[in-house]
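Comments concern the structure below.
The values are calculated or read from the model by the stated rules, or taken from the named source; none is laboratory data. What you see is a predicted model; the values in this text were computed from it and never measured. Every residue, glycine among them, receives a Cβ derived from its backbone with ideal geometry; neighbour counts consider all protein chains shown. Please note that ligands, DNA and RNA were not included when accessible areas were found on the heavy atoms of the full protein model with its side chains. Shrake-Rupley method; radii C 1.70, N 1.55, O 1.52, S 1.80 Å.
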Amino acid sequence: MVRLITHNLLACHAKGCTSNNFPLQLKDVQLEQREAEFNPDFLRRFMPKLDWGALVDTARQLGDDSLPLEQPEMFDDDFLRKLHHVLLEVSVEEGAMVCPNCSHIYPISNGIPNMLLAENEIG
Amino acid sequence: MAPKVTATTISLDAQTHEDTHVHAVYDQIASHFSSTRYKPWPIIDTFISSLPTGSIGLDSGTGNGKYLPLPLDPVKSVMTIGMDRSRNLLLIAQNAGGKERSREVVWGDVLGGCWRRGAFDYAISIATIHHLATPERRRAAVERLLESVTPHGGRVLIYVWAIEQDVLSKRSIPGEEEAQVQETAGRDVFVPWVLSKPTAKGSPQLDGEAESPQVFNRYYHMFEAGELRGLVVQAAERMGLSVGEEVAGGEKEGVEIVQDGWERSNYFVELRRWKRVNGI
Ligand SMILES: [Zn+2]
């Protein structure tokens, strides 16, 4: 599974690709919804580490606009449940991620992203 | 089982050597290997248990993902993402801890840097770096780990196989020994894996796995005393990090060797990155 929490951490690492290499653009995706245990404590403390803009943009591209463009400073249970769903319950099973800078394609199959590069592509 | 270890040299280029004697082997033996690897080492559970709730981490060389469900006693909630070079092991790691497809795994290389820099709070690399065939590649793997965690308190735990294979624990205090690594440090060996049963009980048969008994030679670099610490010092230097504790008015950015020792035939090192904000 590539849940959006993982997608929020992945960046292109092709040779020479060091700027504008995040977030990777999802393409031709097959999504699956998978229920996960709601843990507000984890979410509250994890939230500052997110790249919020990347998360919201990616979720919207997948047709989920439940999250606000600006990361709220105060948050209630309702908001945390929405964040939980976007971050941990939506997973990409098949598809690809494309680097916005160098267009390198990282395929996703069986929920596993292939981040390997050929030896000559490694920076 | 006490495998007979044989000495070896790297005759091919390092990447080809690792492809043949590490990656291809693990893909072949994945389910059998996994059926023998289920107990996480206590020191790793202790490390994960010491992390605050909300922490996110990387397990670089996750294998069958046995560390992904930690901590065993989940009073705190953290999330570890597994990365490995063997896709067949990742198919097993996805289900680590018994919950089907509950783990996040990434097919990647410990020498790749496919992460947003500093995105993780912690990184572990257990029994992985010793599969790399040159000192430069092992040092580069340490650099990738240090880069993956936040400069503001990011923590790293590394385990590698030791030449010293006895049962006596001998911990060394950080700063006690001078790190000095030469090209000849450690020992390159093959450790055979005998695949007697094609499919272990309860494990799925994966594509490309062998059907008949076979012996696979896995490549290991066995570390000698001080060698792992030496790699850390070299990696830190290349990244412009000072090695040692954070001192007020001292260096701006560094890495502290929190502990450094030997346990159960392995050397381990625990690191913590620090960065002083506004020079304070
Ligand atoms: Zn790129």
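When B:ASP27 is tested against the conditions (1) assigned to a helix (DSSP H, G or I); (2) touching a residue at least 40 places away in the same chain (Cβ under 8 Å); (3) at the interface with chain A (Cβ under 9 Å from one of its Cβ atoms), the lone failure is (3). Residues that are within 13 Å of the ligand (Cβ to nearest atom), in a loop (DSSP other than H, G, I, E, B) and either within 13 Å of chain B (Cβ to nearest Cβ) or in contact (Cβ under 8 Å) with a residue 24 or more places away in the chain (or both) within segment A:83-114 comprise A:CYS99, A:PRO100, A:ASN101, A:CYS102, A:HIS104, listed in sequence order. Checked against the criterion of being in a loop (DSSP other than H, G, I, E, B) and surrounded by 24 or more Cβ atoms within 10 Å (Cβ to Cβ), the candidates B:GLY112, B:GLY98, B:GLY65 yield just one match: B:GLY65. Count of segment B:138-151 residues, restricted to those that are within 11 Å of chain A (Cβ to nearest Cβ) and not in a helix (DSSP H, G or I), is 1. Determine, yes or no, whether B:GLY82 is free of Cβ contacts under 8 Å to residues at least 60 places away in the same chain and farther than 24 Å from A:ARG44 by Cα. Criteria not met by B:GLY82.
What are the residue pairs meeting all of these: first residue in segment B:87-104, first residue within 11 Å of chain A (Cβ to nearest Cβ), second residue hydrophobic (A, V, I, L, M, F, W, C) and open to solvent by 40 Å² or more (accessible area, probe 1.4 Å), Cβ atoms under 9 Å, and 6 or more apart or on different chains? Correct list of pairs: B:ARG87/B:TRP107; B:LEU90/B:TRP107. Those helices (runs of 4 or more DSSP H) of segment A:1-82 in which 2 or more residues are touching a strand residue (DSSP E or B) at 6+ places or on another chain (Cβ under 8 Å) and more than 8 Å from chain B (Cβ to nearest Cβ) occupy A:4-7, A:52-61. Looking across segment B:32-62, the residues that are more than 21 Å from B:VAL106 (Cα to Cα), open to solvent by 20 Å² or more (accessible area, probe 1.4 Å) and within 17 Å of the chain's Cα centre (by Cα) come down to B:LYS39, B:TRP41, B:PRO42, B:ILE43, B:ASP45, B:THR46.
Scanning segment B:227-260 for residues that are on the phi < 0 side of the Ramachandran plot and of a type in the set (Gly, Ala, Ser), which turns out surrounded by the fewest Cβ atoms within 10 Å (Cβ to Cβ)? Once the filter is applied, the top-ranked residue is B:ALA248. Checked against the criterion of being in contact with a Leu (Cβ under 7 Å, 6 or more places away or on another chain), more than 11 Å from chain A (Cβ to nearest Cβ) and part of a helix (DSSP H, G or I), segment B:128-137 has at least one qualifying residue. Within segment B:115-127, the set of residues being touching a residue at least 24 places away in the same chain (Cβ under 8 Å) and either at the interface with chain A (Cβ under 7 Å from one of its Cβ atoms) or not in a loop (DSSP other than H, G, I, E, B) (or both) comprises B:TRP115, B:ALA119, B:PHE120, B:TYR122, B:ALA123, B:ILE124, B:SER125, B:ILE126.
Scanning segment B:70-78 turns up no residue that is in contact (Cβ under 8 Å) with a residue 40 or more places away in the chain, within 14 Å of chain A (Cβ to nearest Cβ) and among the basic types (Lys, Arg). Given the criteria in a loop (DSSP other than H, G, I, E, B), within 16 Å of the ligand (Cβ to nearest atom) and buried (at least 17 other Cβ atoms within 10 Å of the Cβ), does A:LEU117 qualify? When the stated conditions are applied, A:LEU117 passes them.
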